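Single-structure report; data block below.
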Amino acid sequence: MERPLSCPTQVTEVNVQEPILARAATDAADRLVHADEPLASLQRSCGGELPGTVAVPELLELVRKARRYRLRLARSISAQDGAETVTAWVEVDPRGEDEADGCDIVLRSWQSTPLAPDETRGVMERRAAMDREVSELSARLDAEQRILFVASDSPELRALADAMSAGVGRPFTDFLAPESHGARALHWRLLDGAPVQVAGSPRAWRIVLLPQSRPGHDPVGFELLLVSDEPPPQVEPEGEGVFVSGGQGLVGHDLAPVLRQPIARIVANAETIRSRLAGPLPDAYANYAAEIANAGRLLLGLVEDLGDLEVVESEGFVTAPDHIDLGEVARQATGILGVRAREKGIVVAAAGDTVRAVAEFRRVLQILINLIGNAIRYSPENSRIEVRVEQAGEQARVLVVDQGPGLSDADQAIVFEKFERLGRSGDGGSGLGLYISRRLARAMGGDLRVESQPGQGARFILEVPADGTADPQ
C-alpha cells in the first residue's frame, strides 16, 4: 500500500534528546490496549478504561491521524489529570502499512502543573453535578458509611433500593461490594469510583462518594450515587395500546423513563466538554457545549415535569409518609443546588435546626429543590437566599426567602396554576413546578403558599404535619 503524497501540517520533528518515559499501544479501533504509567493513569483520569478507546482528546486525534496517513507524528499534548494540568511530548508510530494495524506510542516528557485551588474546587463541583444528573440511585450515609436514606426511581434498581432501605444503619458495602475490594470497610477515597455489579442488572456500575464536610475537616457523612455509563435496557410496553385514557399517560408511563437517561447523558457529556475536564478546548467550542448542556437540561426538566404532572393528577395518587427531619432535607436541597447558586454569586443559607415531621422525604426534597431553584433563577446576583425550618403547632414548616423582585397580589393569586409563568419567556421554566409542588404538599397533608410584595422578595412556605407519636401510616 503506497503512502499518500499529502500529509497533515501538524507533523513535527521528533524530540530525540529526551529519554523514553513510557510506552503504549493502540489497535485498529483506536483502543488503548496497553499503557505504562503515567499514561495509564491519565487514561483513567480522563474517563477511559484500559483497554478502551483513547480518552485523552489530543492523543486520540494524533493516533487517528497517524493511523490514517501511515506517518509517524509527534507533538506536545495537554490534558487534565485530577487537580493538575499535564503537558506531555508523545510520538505515535503506525505499525505496518495498513490502517488495521494500530499504533505504537512513546512518551518522552511529562510536566504537571497544579490547578489553582478555586479552579480545582470548581472542577470537583461540576463533576459532582454531572454525576447527580445521571445517577439512578442516591443515598445518604453517615460518617461511618452507614445507610441513612435511599432513593431510586429505576425499576432495574428497585430490589437493591428496597434492600438498602430495609438495611438502614448497615454499611452500604453490605449491598454494593466493590469488585476490587469486596464487602470490606475501606477509606472512602478507595471506594469513590469503584466498579460494582448489581444483581439482576446486565450493566456495569460505579460508586460515586461525595463527602459532606468543611475544608480541612473529616467528613460528617456522604452522598452516595450509583452511576452507569451504559443506557438502561429498553422495556417493551405490554399490549399494543400505550396511552390509556383516565390512567397514567404516555409521558410518565413509557417515555419519561426511556428519555431521562439518554438526555442526562447528553447533558453530562456536554458538561465534560464545556468544563474542559478531558483537555484544553477553544472557547467557541466550550460555548457550543454549554448551549447543548443547557438545552438538554431544559428538555430533561420538561420530561420530568410532565411525568410528575401525570403522577400527581392520577386517580388515587398517595405519598409514602415517614418520620423525617426537615432540617436534613433542607441541607440536602441546598447542597444539591450549591453550584448553581455560586455561579451567580448567591449565598444559600440553610438553618441547622432539627424539626421532625411526617412526610415523604423524596417528595419534600423535590419541592424544596423546586423552590430554591426558582429563588436562584429569579434572584439578583450577589444576593442571599435563606432556607429556614420551624415548628408551628401541629405543622412543621420550611421557609424559602429570597431577595428577588417579589410578586404582586395578582401574581400571587395565579402563581400556583398549571403552566403559569407570569409572562416570563426564555427562562427555561415549564410553568409546572409550583403547581406540582403544591399538589405534592397537599397530598402529604400540608400546603404550599407564598407571601410577597413587589420589590421586597418572596417567602414560599411549605407546611407538612409535625411529627407526633402516631404512626405515619
Given charges at Cβ of Lys, Arg, Asp, Glu: region 329-457 dipole, positive-most of Q395, A330, G406:
A330
Dipole check, region 35-74, charges on Cβ (K,R +1; D,E -1), about Cα centroid: among S41, A55, L73 the Cα furthest to the positive pole belongs to L73
Hey, rough spin-label estimate for R44 and R72, points 7 angstrom out along Cα→Cβ, what's it come to in nanometres?
3.2
Distance in nm between label sites at A151 and A177, each 7 Å beyond Cα in the beta-carbon direction?
3.0
Stretch gain in nm, segment E394-F419, where the contour uses 0.36 nm per residue and the Cα spacing is subtracted
5.8 nm
Binned Cα-Cα distance frequencies in region 322-465 - 10 Å width, integer %
12, 45, 36, 7, 0
Starting from the 7 Å offset along Cα-to-Cβ, what nm value, one decimal, do you get for the label separation of S112 and R95?
2.9
Please identify every one of the chymotrypsin sites (Phe, Trp or Tyr not before Pro) in region 281-386 that sits in a loop by DSSP and has no more than 13 other beta carbons within 10 Å of its own beta carbon.
F317
Test of understanding: express the Cα radius of gyration of region 22-114 as a ratio to 2.2 N^0.38 Å, with N the residue count.
0.99
For A161, the net charge from surrounding residues (Cβ-Cβ under 15 Å; K, R +1; D, E -1) works out to -3
Using a Förster distance of 30 Å, the FRET efficiency for N294-V168 (Cβ separation, nearest 0.05)
0.20
Tell me, K344, K65 in order of fewest to most beta-carbon neighbours within 10 Å?
K344, K65
Determine ³J(HN,Hα), in whole Hz, for all residues of region 189-194 in sequence, where each value follows from phi through the Karplus function 6.51 cos²θ - 1.76 cosθ + 1.60 and θ = phi - 60°; x replaces Gly and Pro.
5, 6, 8, 5, x, 5
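Computed from the coordinates by the stated procedures, all read-outs in this text should not be read as laboratory data. Note that the structure is predicted; figures quoted are calculated from it, not measured. Reconstructed Cβ throughout: ideal geometry from the backbone, glycine too, with neighbour counts over all protein chains shown.
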